[in-house]
Amino acid sequence: MIELLLDLTSLQQGIIAVIAVLLFLVLTNRLTTWEYIVPKEVQWIDRPQERFGYLRAKARSFFVMKENIMQAYLECNKKGRAAALAIAFGRPQIILPPKYIRWIIDQPESVLSMDPIHNEFHAFVQDGLVGDHTVQEVLRKELTQNLGRMTADINDEIVDALNAIWGNSPEWKMIPLKDSTRTIVARITNRLFVGKEICRNEDYIRDAVALGMAVMPETVFQDLVPRPLKGPLSLVVKWINHYYMAGFNRHLQPIVRERVQAVRQMEETVEKKGEESEENPEQKPSSLPNDFLTWIVQRAVRRGESPADIEQRVIARVGMANLASIETTTNTMSKCLADITTLGEAQGYRALVTAEAQKVLCDCQNLPVKKDIEKLVHIENALKESLRLAVVFPGLIRQVTSPTGATLEDGLHLPCGARISVAAYAIHRDDNVWPDATTYNPARYESPQAPTDQTTAKVPSSHLPMSRASESFLSFGLGKRACPGRFFVTDELKLLFAHMFTKYEIQIIPPPTSTAGQFTELTLRGPQEHLLIRRRSEANSVNA
Ligand code: HEM
């Protein structure tokens, strides 16, 4: 064979090389495609008949995702039909008309679930945690129930993070919008997850941020690789992520170890000496910190998780909670800040927000409680409006888990493994759902003539609080799998904005216009807006 190759002319060798490359590409196309999972009767969007059409449509979707969602909605969903979209990462999505929203959220996990999709994103944190719902359970129950008690901690961390990251200088300075907000958000979130000491450790915060930013590009890359190579590649990805998790381990292991011991001791004492302790309060074990870490450790201990790996599993769960929260919150906050300082400025809404923030923080002497956060209604409206317009993906993404598939009322059969969703981006921009839908207008939530929710015909969506999901406000999803962090993030962002607008003068400098700007919405990297900020002189004199 080698002799034969040596005998060939360079032209022949070139032809053989081209044929080999083409064969490889054809094979790659066949092996990577999930195209077959879309039922034949569903219309594809932006998928003309062309060579490597599916892969090309996937690549294009990086740049035209929003346009494709809009087209799917207008051409198909509005006429009651489903549409199929190639997505840059993951399987194609079958976008269902809004009339199926209720059907989607009512299905049991054995028919539709988001777990297989989550697993693609963060299974690597620890294999044993595939399908683990501890983080979701703790956020839904303990965190939401205890949120009022957490206001002082949230406020304390906001004040400290702003001083450290935005600074106290009365001179104008320029800082990157997303990078600076990401660090602030990571600190506040981790104050709740793991406490004051660790959340102020710069190395730990750097690892938490880096882990979140690595996941999306890795998922895109893994998805583009032919299926037989996915296994070996995922080993490489896991190895890379171990690097970030090593940082988590280094910082968290001592406090997790201590907390596991304290929880075990407490559980044993309560079980064995409960009555005795009641009679003799002196013998009661010292109480545990009432925080996220204690709650996940308590669940792990009560569930009898193996002492051999309980610490690693708890740390991996902290990693998962970070993955779910940092980028989502950073994106929302950056978008809202950019909206208020540009569009909101022109409408006088920024002045309204600033005056409200100053009054609320001044009245409570910068020590707000939950009731003070509730008074920040203009800020909540601004956040809600930016969240409505910020959605760039389809919403309610679920995978058909039933081995026999699922059939819609119009007879469309969705096979096991198919991914479905609804066109949240387009629903949020439909004038029939939100009058003058594409205009940024936080005041719409204040108007007594606010539109009724067309899809539910119940309480107008415009009068619901930001954390209340509805069929026309899908930024946090809907139903039993709706975002469990939405109550916390509402309080966090409202308070953060109140401090920012009270203490700083803020101007925004847009990034250079380029296609890379669109790309970053999906990849989290690239050109970003900058902020010009300076501390208001009066802010340095108050208790802040
Ligand atoms: C503004 C910021 C945020 C936005 C826009 C957001 C949005 C979402 C959305 C759209 C979903 C999917 C819901 C569905 O399909 O029905 C989701 C799920 C989730 N979110 Fe958030 N989220 C945010 C902040 C947070 C925070 C701060 C946390 C943690 C404290 C968090 C934890 C989670 C978790 C754990 C899930 C998965 C729920 C499940 O598996 O049942 N999110 N989020």
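The values are calculated or read from the model by the stated rules, or taken from the named source; none is laboratory data. Keep in mind that this is a model prediction, so the values were computed, not measured. Neighbour counts run over all protein chains shown; Cβ positions are idealised from the backbone, glycine included.
Structure values in brief
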item: Inter-residue pairs, beta-carbon under 7 Å, first in contact (Cβ under 8 Å) with a residue 60 or more places away in the chain and in the stretch 204-215, second in a helix (DSSP H, G or I) and surrounded by fewer than 18 Cβ atoms within 10 Å (Cβ to Cβ), 6+ apart; result: 215/121
item: Given (1) part of a helix (DSSP H, G or I); (2) closer than 22 Å to residue 399 by Cα; (3) away from the ligand (no atom under 13 Å from the Cβ), index of the condition residue 163 fails; result: (2)
item: Matching residues, the stretch 417-447, being over 26 Å from residue 398 (Cα atoms) and of a type in the set (Asp, Glu); result: 431, 436, 446
item: Residue in the stretch 309-322 that is within 16 Å of the ligand (Cβ to nearest atom), touching a strand residue (DSSP E or B) at 6+ places or on another chain (Cβ under 7 Å) and either over 19 Å from residue 117 (Cβ atoms) or of a type in the set (Gly, Ala, Ser) (or both) present; result: no
item: Which listed residue, of 492, 521, is of a type outside the set (Gly, Ala, Ser), within 16 Å of the ligand (Cβ to nearest atom) and modelled with pLDDT under 55; result: 521
item: Test: residue in the stretch 411-418 that is more than 16 Å from the ligand (Cβ to nearest atom), buried (at least 21 other Cβ atoms within 10 Å of the Cβ) and not in a loop (DSSP other than H, G, I, E, B); result: yes
item: Qualifying residue in the stretch 168-178 (condition: within 20 Å of residue 323 (Cβ to Cβ) and outside any loop (DSSP other than H, G, I, E, B)); result: yes
item: Candidate set: the stretch 374-405, residues that are crowded, with 18+ Cβ neighbours inside 10 Å and among the polar types (S, T, N, Q); chosen: the one nearest to the ligand (Cβ to nearest atom); result: 386
item: Given (1) surrounded by fewer than 22 Cβ atoms within 10 Å (Cβ to Cβ); (2) over 17 Å from the mean Cα position of the chain (by Cα); (3) within 14 Å of the ligand (Cβ to nearest atom), number of the condition residue 140 does not satisfy; result: (2)
item: Yes/no for residue 200 being among the charged types (D, E, K, R) and more than 16 Å from the ligand (Cβ to nearest atom); result: yes
item: Top-ranked residue in the stretch 323-338 [being of a type in the set (Gly, Ala, Ser) and more than 17 Å from residue 207 (Cβ to Cβ); ranked as nearest to the ligand (Cβ to nearest atom)]; result: 334
item: So residue 215, is it under 14 Å from residue 322 (Cβ atoms) and either part of a helix (DSSP H, G or I) or away from the ligand (no atom under 15 Å from the Cβ) (or both); result: yes
item: Which listed residue is closer than 22 Å to residue 373 by Cα and surrounded by fewer than 16 Cβ atoms within 10 Å (Cβ to Cβ), from 163, 168, 190; result: 163
item: Residue check for residue 408: more than 16 Å from the ligand (Cβ to nearest atom), aliphatic (A, V, I, L, M) and at pLDDT 95 or above; result: yes
item: Positions within the stretch 75-116 being away from the ligand (no atom under 16 Å from the Cβ) and among the polar types (S, T, N, Q), in sequence order; result: 77
item: Sole residue being touching a residue at least 60 places away in the same chain (Cβ under 8 Å), more than 30 Å from residue 193 (Cβ to Cβ) and among the hydrophobic types (A, V, I, L, M, F, W, C), chosen from 147, 96; result: 96
item: Positions within the stretch 6-52 being modelled with pLDDT under 65 and touching a helix residue (DSSP H, G or I) at 6+ places or on another chain (Cβ under 7 Å), in sequence order; result: 29, 31, 32
